[in-house]
Amino acid sequence: SLDHAVLQNELFDVVRDDGVQQLIASILASGTGVLQDEYEMVYFPGDDLFAIHRPRGLPIGNLTSQFWSNVYLNPFDWFVVRELGCAAYLRYVDDFALFSDSKRQLWMWKQAIIERLQQFRLTTHE
């Protein structure tokens, strides 16, 4: 479930208009708690007990949700391609696959990805 503060920071870096920022905040607020009961609370490094109150989740079926999930994970895409050096990488919304001729390389990438996703307040599901 996407963290509102992380997404809002990404969007507001690009969108400077106050009116549009207010609209973004309103749409985000409409998705707070979506599927909240479906996911266990995950605490990330640096979190305190109040992290459970961080708004997360996007409105289901909303076209902005699909687009915003791509905005949210765009820095992750660059990490996979540029920092990990993965030449064969696919992502559709929150599903992704990396390809390599080396199983050892894939295991190393997996650990790096798990660590990087924490910066986005995300975890992997296996």
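The values are calculated or read from the model by the stated rules, or taken from the named source; none is laboratory data. Just so it is clear, the structure is predicted and the values come from calculations on it, not from any experiment. Positions of Cβ are backbone-derived with ideal geometry, glycine not excepted, and every protein chain shown enters the neighbour counts.
Confirm whether Arg121 is touching a residue at least 60 places away in the same chain (Cβ under 8 Å), surrounded by 15 or more Cβ atoms within 10 Å (Cβ to Cβ) and not small (Gly, Ala, Ser). Before you say what the answer is, go through the steps one by one.
Numbers: touching a residue at least 60 places away in the same chain (Cβ under 8 Å): yes; surrounded by 15 or more Cβ atoms within 10 Å (Cβ to Cβ): yes; not small (Gly, Ala, Ser): yes.
Taking the combined requirement at face value, the residue satisfies it.
Just so you know, in the range 70-97 the residues that are small (Gly, Ala, Ser) and at pLDDT 95 or above include one that is nearest to the chain's Cα centre (by Cα), and it is Ala97. Do you know which of the residues in the range 66-92 that are within 23 Å of Ala5 (Cα to Cα) and of a type in the set (Ser, Thr, Tyr) is surrounded by the most Cβ atoms within 10 Å (Cβ to Cβ)? Among them, the one singled out is Tyr72. Out of curiosity, is Ser100 among the small types (Gly, Ala, Ser) and touching an Asp or Glu at 6+ places or on another chain (Cβ under 9 Å)? Spelling it out, it is not the case that Ser100 is among the small types (Gly, Ala, Ser) and touching an Asp or Glu at 6+ places or on another chain (Cβ under 9 Å). Of all the numbered requirements in (1) within 22 Å of Gln119 (Cβ to Cβ); (2) in contact with a helix residue (DSSP H, G or I) (Cβ under 9 Å, 6 or more places away or on another chain), Ala87 misses one, and that requirement is (1).
Among the residues of the range 97-108, is there at least one that is surrounded by 15 or more Cβ atoms within 10 Å (Cβ to Cβ) and either touching a residue at least 60 places away in the same chain (Cβ under 8 Å) or at positive phi (or both)? No, every residue in the range 97-108 fails to be surrounded by 15 or more Cβ atoms within 10 Å (Cβ to Cβ) and either touching a residue at least 60 places away in the same chain (Cβ under 8 Å) or at positive phi (or both). For Gln8, the conditions (1) surrounded by fewer than 14 Cβ atoms within 10 Å (Cβ to Cβ); (2) without any contact (Cβ under 8 Å) to a residue 60 or more places away in the chain all hold with the exception of (1).
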